[in-house]
Amino acid sequence: MNWLAKALRRFTVKDLILISAMAALGIAVKTVITPLIHLISAPLLIPGGALAGGLYMMWLLMAVGLTGKRGAATFVGLVQAILVTLIGVSGSHGLLSLLSYTLPGLAVDSCLWLMRHRICCLPCAFIAGILANISGTLAVNLIFFRLPALPLLFSILIAVFSGGLGGVLAWHLLQALKRFSITASEEY
């Protein structure tokens, strides 16, 4: 647990509050949107998360954009995994939630680290949203669905579209928040 304490020291109390808020918003959005998305995805035999994932993954990107710190997306995913496991809301995969919720956060943080970005421009937000949703779609497929190649490819293509859209939405929300002087610190 020493690694966790060391990782958490990088974040201020404000950062941790923002991370917790983004995790809670992600779960709240998911519980509202999931039943609606299943009306569309179930007849198409595709996982609903691939279709709506951009709206879930958007909150990972928002945490990075608001804190400006590496690891924020991973912590959002981890907090979401713990919450859905403990309170049993829709989208809980039991202990496997640690994988299915944290992996997209790791994908976002890794992508942004490699690109040396932090949701500072539309292209990095778009790419990070895509990678988050693809990783979430693949994780859920591995855990539950184990779709054959063609339906899996179709799900990934939908995940690309939805994740990219979530990235664009996150970037535009962050731009709107900047007008109210709610911005990230300069450290990354």
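The values are calculated or read from the model by the stated rules, or taken from the named source; none is laboratory data. The structure displayed is predicted, hence computed values, not measured ones. Here the Cβ is made from the backbone with ideal geometry for all residues, glycine too, and neighbour counts use every protein chain on show. When the accessible area is computed, the model is the full protein with side chains, heavy atoms only, and any ligands, DNA or RNA have been set aside. Shrake-Rupley method; radii C 1.70, N 1.55, O 1.52, S 1.80 Å.
Heavy atoms of the protein chains alone define the surface here; on that basis region 128-188 has 56 Å² accessible area per residue at 1.4 Å probe size. Between the beta carbons of Leu177 and Leu44, assuming R0 = 25 Å, the FRET efficiency works out to 0.10 to the nearest 0.05.
Among Ala170, Ala139, Ala72, which one moves the most in a GNM of the chain with springs linking Cα atoms closer than 10 Å? Of Ala170, Ala139, Ala72, the Gaussian network model singles out Ala139 as fluctuating most. Using a Gaussian network model of the chain in which every pair of alpha carbons under 10 angstrom is joined by a spring, one finds that among Gly94, Gly53, Gly71 the greatest mean-square fluctuation is at Gly94.
Solvent-accessible surface of region 21-69, averaged per residue with a 1.4 angstrom probe and all protein chains in place: 36 square angstrom. For the pair region 21-51 / region 82-135, the C-alpha centres are spaced 15 Å from each other.
Of the options (1) 45, 35, 29; (2) 56, 40, 34; (3) 93, 27, 24, only one is Cα extents along the principal axes in Å as computed from these coordinates, and that is (1). Simple rule: put +1 on each Lys or Arg Cβ and -1 on each Asp or Glu Cβ in the chain, find the dipole, and look at Val84, Ala149, Leu8; the Cα lying farthest toward the positive end is Leu8.
When the solvent-accessible area of the chain is split by element, carbon and sulfur atoms take up 76 percent of it, the probe being 1.4 Å. With the simple spin-label model, which puts each label point 7 Å out from Cα in the Cβ direction, the Thr12 to Ile143 separation comes to 3.4 nm.
Normalised by the number of residues in the chain, what is the relative contact order in percent for Cα pairs under 8 Å and 6+ residues apart? Don't skip to the answer; put the middle values down first.
Details: 302 pairs, mean separation 50.4, N = 188.
Contact order relative to length: 27 percent.
Placing +1 on the Cβ of every Lys and Arg and -1 on the Cβ of every Asp and Glu, with nothing else charged, gives the chain a dipole about its Cα centre of roughly 320 debye. Just the Cα atoms of region 6-56, one point each, no solvent: what log10 I(q)/I(0) does Debye give at q = 0.23, 0.24, 0.27 Å⁻¹? Rounded to two decimals, the profile gives -0.79, -0.82, -0.94.
When the Gaussian network model of the chain links Cα atoms closer than 10 Å, the mean-square fluctuations of Leu103, Leu55, Leu95 top out at Leu95.
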